[in-house]
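Inspection log for the structure reproduced underneath, given as structure tokens.
Please treat every number below as a calculation from the coordinates, not as lab data. In this text the structure is predicted, and so the values were computed from the model without any measurement. Here Cβ is always computed from backbone atoms with ideal geometry, including for glycine, and neighbour counts include all displayed protein chains.
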Amino acid sequence: MKKIFLIIALVFMGTSINVFAQCDTIASICEKHLTKKYVSDGQQYRALLLNKEVAEFNATLFGGTTYRVAACSGLKDGQLEFSIFDKQRNLLFSNIEHKNAPYWDFKLTSTLDCTIEAQLIDANAQSGCAVLLISFKQ
């Protein structure tokens with residue numbers, strides 16, 4: 001019984017390490033969209049998406065600031081759909097309307113609590129790591 005538990009635990013750990021490594025690679029690729037003009041908020045928002053799941057990230061963005069939101073999955077741009085909503089669920093931006101752009105720049109006049117949703121675009125994808133980076137202009 002202990003051997004079976006140990007084998008299951010080792011398989012799970014190996015899978016987890018592979019997922020984290022995949023997300024690290026995607027985060028590194030996504031960071032290319034944060035040019036020298038932008039400073040990261042210090043966080044990497046990550047989610048492992050299975051089938052047609054939607055990841056949901058919450059953020060507070062401050063008025064008077066210019067932001068860049070970058071969203072990536074896979075090894076090339078355009079594989080992740082992301083949308084930004086205000087607290088009332090009004091759609092503020094969707095990259096689908098912009099040829100699956102991997103990032104969006106915008107300036108806020110007032111502070112905003114928002115929800116950012118992300119999902120894989122490829123209908124054949126069974127899973128993938130979604131990485132979202134938020135940065136602000138210096």
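Between residue 31 and residue 105, what is the FRET efficiency for a Förster distance of 25 Å, r being their Cβ-Cβ separation, to the nearest 0.05?
0.95
For a quick check of your reading of the filter: which trypsin sites (Lys or Arg not before Pro) in the stretch 71-138 sit in a DSSP loop and have no more than 15 other Cβ atoms within 10 Å?
Passing both the DSSP loop test and the Cβ count: 76, 87, 89, 99.
Whole-Hz Karplus ³J(HN,Hα) for the stretch 47-53, in order, using 6.51 cos²θ - 1.76 cosθ + 1.60 and θ = phi - 60°, x for Gly and Pro?
Per residue, the Karplus-derived 3J(HN,Hα) values read 8, 8, 9, 10, 6, 10, 5 Hz.
Once phi is turned into θ = phi - 60°, what whole-Hz ³J(HN,Hα) does the Karplus curve with 6.51, -1.76 and 1.60 give for every residue of the stretch 61-71, x standing for Gly and Pro?
10, 9, x, x, 10, 9, 10, 10, 10, 10, 9
As an exercise, identify the chymotrypsin sites (Phe, Trp or Tyr not before Pro) in the stretch 32-78 lying in DSSP coil whose Cβ has no more than 14 other Cβ atoms within 10 Å.
Taking the stretch 32-78 and a limit of 14 other Cβ atoms within 10 Å, the loop chymotrypsin sites (Phe, Trp or Tyr not before Pro) found are 62.
Where the only charges are on Cβ atoms (+1 Lys, Arg; -1 Asp, Glu), what is the dipole of the stretch 37-93 about its Cα centre, to the nearest 20 debye?
In debye, rounded to 20, the stretch 37-93 gives about 80.
Which of the aspartates and glutamates could a cross-linker span from residue 87 if the Cα-Cα distance has to be under 12 Å and same-chain partners fewer than 8 positions apart are dropped?
113
To the nearest 20 Debye, how big is the dipole of the stretch 63-133 about its Cα centre, given +1 on the beta carbon of each Lys and Arg and -1 on that of each Asp and Glu?
Here the size comes out at about 120 debye.
Among 114, 100, 130, pick out the residue whose Cα is farthest towards the positive end of the charge dipole of the stretch 81-138, where Lys and Arg carry +1 and Asp and Glu carry -1 on C-beta, about the Cα centre.
114
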